[in-house]
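Right, one structure below, let's go through it.
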Amino acid sequence: MEDMETTPELIEEHGITEDEYQRIVELLGREPNLVELGIFSVMWSEHCSYKSSRLHLGKFPTEGERVIQGPGENAGVVDIGDGLCVVFKIESHNHPSFIEPYQGAATGVGGILRDIFTMGARPIALLDSLRFGSPDQKKTSYLLKGVVSGIADYGNCVGIPTVGGELYFHPSYNGNCLVNVMALGIAKKESIFRALAEGVGNPVIYVGSPTGRDGIHGATMASDVFGEGGEERRPTVQVGDPFTEKLLLEACLEAFGTGCVVGVQDMGAAGLTSSSSEMAARANSGIEIDVEKVPRREEGMTPYEVMLSESQERMLFVARKGGEERLLEIFRKWDLNAAIIGRVIEEQVMRIKEGDKVVAEIPVGALTEDAPRYRRPSRRPTWQDDLNRLDTDGIPLPQDYARVLERLLSSLNIASGEWIYTQYDHMVRTNTVVLPGGDAAVLRIKGTQKAVALTVDCNPRYCYLDPYRGGLIAVFEAARNLTVSGATPIGLTDCLNFGSPEREEVMWQFEKAIEGMRDACCRLGVPVVSGNVSFYNETGGVSVYPTPVVGMVGLIEDVERCMTPWFKKDGDMVALLGWHAEEFGGSEYLSVEHGLERGMPELDVDRELRVQEACRQCIMDGIINAAHDTSEGGLAVALAEMCFGPERTFGVRIGLR
Amino acid sequence: MKFGVVVFPGSNCDHDCHHVLKNVLSKDVTYIWHKTTAVDDDVDCLILPGGFSYGDYLRTGAIARFSPVMAEVEQFAKKGKYVMGICNGFQILCEAGLLPGVLMMNNSLKFICKNVHIRVENIHTPFTSKCRKGEVLKMPIAHKDGNYFVDESTLKRLEDNGQVLFRYSTPDGDVSSKANPNGSVANIAGVVNAEGNVMGMMPHPERVCEPILGGTDGLGIFTSIVEFLG
Amino acid sequence: MRFNVYVTLKRGVLDPQGKAVMDALHSLHFGEVRDVRVGKFIELNLDGLPEQEARARVEKMCQELLANPVIEEFRIEEVRA
Amino acid sequence: MRFNVYVTLKRGVLDPQGKAVMDALHSLHFGEVRDVRVGKFIELNLDGLPEQEARARVEKMCQELLANPVIEEFRIEEVRA
C-alpha cells in the first residue's frame, strides 16, 4: 500500500483539494508519497489547522496581567496568586459521539484531561456541555444514554469530579449532537511544561497504550459532513481505557518532578503525527521517528497506519539527554508501555523512518505554519431580518399562569439535571464546595483561602436569531453565573460549534458571533486563553444552530464568601437587581408555549457591568443570603429555582407593582 | 500512632484520606504503594481507599486482591492491627475474604453519587466508639457496585455477632427500603469482621470531615480509631 | 425454549478489560495465557415459538438492544431442552 | 489452544442486570421473553499444553480469579481449532 502512486481519487479521498495538492508539491519540491499525503491530510484538516477560522480567531483578546499562557499550547494558563495557576480548556468530540456515543464521549473526556496534565497540572474538575435533537426522536435517547454513561464511566474511573455542565434539546441537533467537555487543573507557576521538542539529540519517548488501527482519519472525519448514510465510517471510532489514563496521569506528574523532561504533548487528533510535528514546530527544531520502535497492538501495521492512528491514552515526551532511563523507570513503575522511538534533530523536518529506510520527510513548517488559511466568503442570510420581527400583540396572554410556569419548569431545557449529575462522582478529591445544581461549580484550592468558580454556557437560540448579540450574551451570561457565586471572572475558553464553513451564511454567523464575544470579553477585561473550533456539524444540508459554547473561570478570594442561589431563611427580603424590560423575544416561554423563535432580548453592556459589580459587592459585604441570575425561563423560573434548595424547600411571595 | 493509606493503580480517594488524617486531624500518615511487600512496624492502622483499582475490570476489587501488598494486609490484620476499607477498599477486603459478603451492581444499574443517611448499629468497635447508638450520620456515597449481598446464614451470623456497623436509613433513623440506595441486604452499609479489627463501609467518611464541605459527620469514624489507638 | 447469546468485541477493537485480566493471570503465574477477551453471555428464556421464528426474534433483539453494532458482534445458539 | 469460560450467577442470587435487560426487551415489544440472565464470556488463548493439563490449569484460573465462588459458578469449554 505504501508505494501506491498518488492518483486524483486518492487525493480526493484524503479530503485534499486540487490547489492544496499543488501547494504540497511546491512545499516538498516533489510529489508526496502515500505516507506524506496521509500526514498532510490530517495536519491540513479543518480540525487540526483551523484553516477556515484562524483569521477570525485572531480577533479575540488573549493578553492580561494574569495570563501566563494564551492560545497556541495544549491549554490556557492563568495566574491565581499564592504561586499557583489554573490550566483549562474545552474541546469537542461531536462527530465520534454521533457515531458511537459511549466511546465518543468517553474518549472526549480522556483527550481533554491529557491536554491539562500534559502542561504539568493536576486536573481537578470536568464539565460537560451536551446538545441533542428533539426528545421524541428515537436516536436522541440512544445518544443521550450513551454519552452520559460514557462521561460517567470515564470520569469516575479516572477520579476527576464532573462538577457542572449544561443539557439542551433542539431539533437543529437531530442530525448532529454536540459533546463539548471542559477540564481545569491546578499547578505551581514554575512547574508548567510546554510542548517543545528542544535540544538536538534529546531522545523522544512514546508512553501509554500500544498503537492500534482505531480512529485512523478521525481528524479528517471531523472535518467532513455526514451524508444521510454517514454511519458506515464506523471503524474510525476510538475506544478509551480510563484505567490506563489514570496510570498515565500519575506517571506523568511524577515524571515532571524529576527535571528530566524537556517537553511533552498528548497524542490527540492525528495522534503521533500532530504531536511530533507541533512539538518540533514550536521549538524551531526537527524530529526523527522510527515507526518500528513504536509499541503496537496489531500485527502488520504500515507506517501510514502507525502515524495516523488515534489510539487513546498515549503521550510523547522529549527527555533531557541522559535522563531517559529515569523516566522509563517511572513508566515501568506504573506498568505503562514506554519506548524511545526517535530524537530531536537539527534540520527543521519531520523525518519518519522504518528501520533505516526513510518513509516520509516533510518540513515541519509545511505542516503547521504554512497550512492553508482561508478567508471564506460570508453573506448575511436573506431570512435573517424576519427572525427579528416579533409582533407581540398577536400573542395571546396566558389564561392560567400557574400551568404555564409548570410547563416551563418541566421543559427539558429548564428542568433539573440531577438525574444526570448523580451518575457523576462530583465530590472526589474533596474540593467541591458548591455541588452541581447551582449557577456555577465552586472548588476550594487546598492550602489557600481561595476558590475557583466554573461554568459552561451558551444559548444557541439567541445566536441563531442574532449571532452578534448571541455571542455577546453568551459571554455575559457565563460571567453572571460566576458573579452570583461571588467570583470575579479571570479567563475564558470557547468551543465554537458551527455548520459547514463552505456555506456563506454559516461563515456570517461565525464572524458575527466571534465579534460579539470579543466585544464582551474586552468590556469585561476577560482574556480568551484557549479554545476549539468544530465545523461541519451538519447532515443532509441542515446545520446545527450556531453554538459558541463559553467556558469561564472565576476567582473567589475567600472561599467562606462564596454564594449559592437557594433561599436560606424565612422572612428574607427578595430584590431584583437591574432593569426589567417588557420583552420576551427569543424566550423559552415563546418556544414552549407558542412554538415561536422570533425577536431577541436587549443587552445594555454598561448596565450589565454595573449590575454584576453591585451584585459582587453585596456578596463581599455579606448582606445577601442568595443570588441567582435570570436566564432561560426568565424571572418566574429563576424564583422557582431559588426555592428548590438541596437542604430545604421554600416558598416566595412577589408583588409585581 | 501512624496511619498507612494503600495506593493501588486506579485508587482515587487516597489523597482525600491522606488530607483528612494529615491536615484535619494532624496525624502521622504515609502512602503505601501496592507493590510493597512489607509495611513498617510503626503503622497502626491501614486504610484501603475508594477508587477504581485496576479499572474495576472483571469484578470490583477482583484484581487488586492479588496485589503484593494484600498478603501483607492479611498478616497485618491477623496481628490484630486495624484495617479500614472505604468503598473500593471494602470491595477488595471482601474479594480477599477478610470480610464476608460481596458488593454487586446497584439494583438501579447506575452509578450513584449523593448524600445518604446511615444509622450507627454498634458503638463497641474501634471505628464507632465515638458515635452514639442509633445516631444518624449524613455521608455521601459514590459507587456503581454497592449492593451488599450475603447468604441467609451469614446474614444471621452478622446480625447475632453485632458485626453490622451501619445501615442506610431516613434522616430520622428509619431503616426502610425507601432509604436503601442500592438494594443492599438488610440496608447494610458497613460491616466489621468477627474479631472486630477489620472494617468495610461503602459511604465516604473522608468527604464529610470539614464544615466547608457541608458537614463533619465523617469525623466520628476517624476520631474513634484515633482514640482507640490511644 | 432457551437461547444463549454471546456478545464480543469486534476484532481490532481495544479490549482494556481483556488486557487487565491477562496481566492479572500472568501475575498469578499463568504464563501460558497468550490472549484474553471478555464479553457478555446472555441466557434468554422464551415462550414456545416455532424455532425459525424464535431465532429471527432473538436476532432482532441482538440488533436492537443486546449488542452495540458499532463495536460488538454476536452469536446465537439454541439450547436443546 | 482456545478455551471459553462462561461465568454465571448461581441460582437464587439476584441478577439486577438480567431483570433490567428483560424490562428493556419488554418495552421493545418482545413480550415472549420469560427470563434473562447476564453473565461473563471469557475467551482464553493458551500456549500448546496437553488437553488434560490445560483444562486443569483453566479450572484453577477460574477458582482463583475469573469467578467469585460466593455468588458465581463457571463452565469451561474447549474450542476445537
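The values are calculated or read from the model by the stated rules, or taken from the named source; none is laboratory data. Fair warning: this is a prediction, and the values are worked out from it, not measured in the lab. FYI the Cβ positions are ideal-geometry reconstructions off the backbone, even for glycines, and counts take in every protein chain you see. Surface areas here come from the heavy atoms of the whole protein model, side chains and all, with no ligands, DNA or RNA. Shrake-Rupley method; radii C 1.70, N 1.55, O 1.52, S 1.80 Å.
Worth a mention:
- At q = 0.25 Å⁻¹ the log10 of I(q)/I(0) for the range C:2-79 amounts to -1.09, computed by Debye summation with a single uniform scatterer per C-alpha, solvent ignored.
- C-alpha long axis of helix D:51-61 to longest principal axis of chain D, angle in °: 50 degrees
- For the pair residue A:643 and residue A:419, the difference between a 0.36 nm per residue extended length and the Cα-Cα distance amounts to 78.8 nm.
- Protein accessible surface hidden between A and B, which excludes ligands and nucleic acids, total in Å², probe 1.4 Å: 2500 Å²
- Separation of the range D:1-75 and the range A:336-385, taken as the distance between their Cα centroids, equals 48 angstrom.
- For the range B:29-58, residues shielded by at least 40 square angstrom of accessible area compared with the chain on its own, probe 1.4 Å: B:33, B:35, B:52, B:57, B:58
- Counted charge near residue A:245, where neighbours are those whose Cβ lies closer than 9 Å (Asp, Glu -1; Lys, Arg +1): 0
- Exercise: per-residue mean of other protein chain Cβ atoms within 10 Å, A:333-341: 1
- Excluding ligands, DNA and RNA, the accessible surface per residue across the range C:2-79 is 43 Å² with a 1.4 Å probe.
- Histogrammed with a bin width of 10 Å, the alpha carbon distances of the range B:83-166 distribute as 16, 43, 38, 2 percent, first bin at zero.
- Per residue value of the accessible surface for the range B:2-229 (all protein chains in place, 1.4 Å probe), Å²: 33 Å²
- Kyte-Doolittle at least 0.0, axis length at least 20 Å by Cα - qualifying DSSP helices, chain A: A:101-117, A:138-158, A:242-256, A:467-483
- Distances between copies at residue D:50, taken between label points 7 Å from Cα along the C-beta direction, are 5.2 nm in increasing order.
- Environment charge at residue B:96 (Cβ cut-off 14 Å; Lys +1, Arg +1, Asp -1, Glu -1): -1
- Residues along the range A:408-434 losing 30 Å² or more of accessible surface when the other protein chains are present rather than the chain by itself (probe 1.4 Å): A:422, A:423, A:425, A:427, A:428, A:429, A:430, A:433
- Residue B:114-residue B:223 pseudo-label distance in nm [points 7 Å out on the Cα-to-Cβ vector]: 2.9 nm
- Chains C and B together bury roughly 500 Å² of accessible area, counting both sides, with a 1.4 Å probe on protein heavy atoms only.
- Distance from the range A:461-512 to the range A:627-657 (C-alpha centre basis), Å: 26 Å
- In a DSSP loop and with at most 10 other Cβ atoms within 10 Å, the trypsin sites (Lys or Arg not before Pro) in the range B:1-85 are B:79.
- Mean Cα-pair separation over length for the range D:2-79, i.e. relative contact order, pairs under 8 Å, 6 or more apart, %: 53 percent
- Other residues whose C-beta falls under 14 angstrom from the C-beta of residue A:615 contribute a net charge of -1, scoring Lys and Arg +1 and Asp and Glu -1.
- Number of partner chain Cβ atoms within 10 Å, mean per residue of A:539-545: 0
- Cα convex hull, the range B:127-230: 108 Å³ per residue, rounded to a whole number.
- Carbon and sulfur %, accessible surface of the protein assembly as shown computed with the full protein complex present, 1.4 Å: 51 percent
- Ordered by 1.4 Å accessible area with all protein chains kept, B:165, A:635 run largest first as A:635, B:165.
- Averaged over the residues of peptide C:7-17, the number of Cβ atoms from other protein chains lying within 10 Å of each residue's Cβ is 6.
- With at most 11 other Cβ atoms within 10 Å, longest stretch of chain A clear of loop GluC sites (Glu not before Pro) (DSSP): A:370-581
- Across chain A, counting alpha-carbon atoms alone, Rg and Dmax equal 24.9, 84 Å.
- Solvent-accessible area buried by pairing C with D, both sides, nearest 100 square angstrom, 1.4 angstrom probe: 3100 Å²
- Heavy-atom accessible area per residue - the range A:1-147, 1.4 Å, Å²: 35 Å²
- Considering only the Cα atoms of the range A:460-611, their convex hull presents on average a projected area of 11.4 nm².
- Alpha-carbon centroids, the range B:170-230 and the range A:389-447: separation in whole Å: 31 Å
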